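Read the structure below first, then the notes.
Values quoted throughout were computed directly from the atomic coordinates according to the rules given, and no laboratory measurement underlies them. Treat the numbers as computed from the prediction; the structure is a model and nothing was measured. For neighbour counting, all protein chains shown are included, and Cβ atoms are generated from backbone atoms with ideal geometry for every residue, glycine included.
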Amino acid sequence: MDIGVRTDTGRIRENNQDSYYLPSEESKPLFIIADGMGGHKAGEIASNLAINIISENFNDFLNKGNINEKNIKNNIIESFNEANEKIYRKAMKEEECSGMGTTVVLAYISDENLYIGHVGDSRAYSLYGEEFLQITEDHSLVEELIKNGSISKEEAKTHPQRNIITRAVGTSRDIDVDILVLPKTAVEILLLCTDGLTSMLDDNEIKDTLINSENMQIACDRLVQFSNDKGGYDNITVLALEF
């Protein structure tokens with residue numbers, strides 16, 4: 001597996017509130033990115049907490065064995081719930097963390113399947129041949145407006161409320177986690193990214209960069225560079241895996 005990752009503050013923001021996780025062992029192929037929100041450094045705290053809690057919880061599960069599809073899905077949800085509870089409690093207790101939260105998108109690769117868990121508007125994409133698909137659905141206001149026919153996808157890109165998300169880890173007592181399972185054979189490249197990438201580049205630009213790069217690290221470096229060239233209005237995190 002060829003892995004690339006890059007995170008960048010962008011051209012406008014002072015702090016990078018994105019976080020990511022790469023596995024320390026090949027036998028535990030867990031990958032996570034998170035995009036924090038909140039005043040001062042609260043977003044950074046939220047995304048870091050989510051990454052640390054979810055990765056620790058899920059790796060504990062992997063160490064215990066008894067790994068099957070049902071258990072994997074259940075543990076992804078449990079890991080998200082634990083992160084949600086701890087971030088929410090910290091936000092309620094500490095004034096400087098009030099209102100903080102984070103998006104999270106997770107990928108775990110088993111022998112046969114690819115498991116995706118996500119909350120928020122950070123995305124997972126799959127590339128197979130020339131077919132490039134967004135496999136997560138944004139939990140955002142504009143996504144709901146697109147679904148009910150109020151606006152088009154094109155209009156969503158410039159909508160004044162395009163940054164409002166409808167789900168996040170840590171902003172309420174309970175969360176709904178989306179779980180997706182794909183056969184590994186249906187994916188050649190998996191991309192996880194925060195909206196600092198997708199607000200700057202369209203799907204075709206992302207696809208072409210993945211296809212035309214020598215390896216995944218070069219692809220990630222280029223995607224960040226291209227996003228910054230277009231303005232870099234937000235933090236950018238890109239994690240790419242080629243199977």
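From the alpha carbon centroid of segment 148-199 to that of segment 62-102 is 19 Å. Approximating the spin labels as points 7 Å out from Cα along Cα→Cβ, the LYS41-to-LYS184 distance works out to 4.0 nm. In summary, the lysines within cross-link reach of LYS90, defined as a Cα separation below 16 angstrom excluding same-chain residues under 8 places away, comprise LYS41.
Phi angles of segment 99-113 translate, via the Karplus equation with coefficients 6.51, -1.76, 1.60 and θ = phi - 60°, into HN-Hα couplings of x, 6, x, 7, 7, 8, 10, 10, 10, 10, 10, 8, 4, 10, 10 Hz per residue; Gly and Pro are given as x.
Label sites at GLU144 and GLU69, each approximated as a point 7 angstrom past Cα along Cα to Cβ, lie 3.2 nm apart. Bridgeable aspartates and glutamates around LYS207 (alpha carbons under 15 Å apart, same-chain partners fewer than 8 residues away excluded): GLU130, GLU131, GLU188, ASP221, GLU242. Of the cross-linked pairs LYS73/LYS147; LYS157/LYS230; LYS70/LYS184; LYS147/LYS184, those separated by over 24 Å at the C-alpha level are LYS73/LYS147; LYS147/LYS184. Working from Cα pairs under 8 Å separated by at least six residues, relative contact order for segment 2-242 is 28 percent.
Summing Cβ point charges (Lys, Arg +1; Asp, Glu -1) relative to the Cα centre of the chain gives a dipole of roughly 560 debye. A Stokes-Einstein calculation at 37 °C with viscosity 0.692 mPa s, built on the Kirkwood radius of the chain over Cα pairs, returns a diffusion coefficient of 182 µm²/s.
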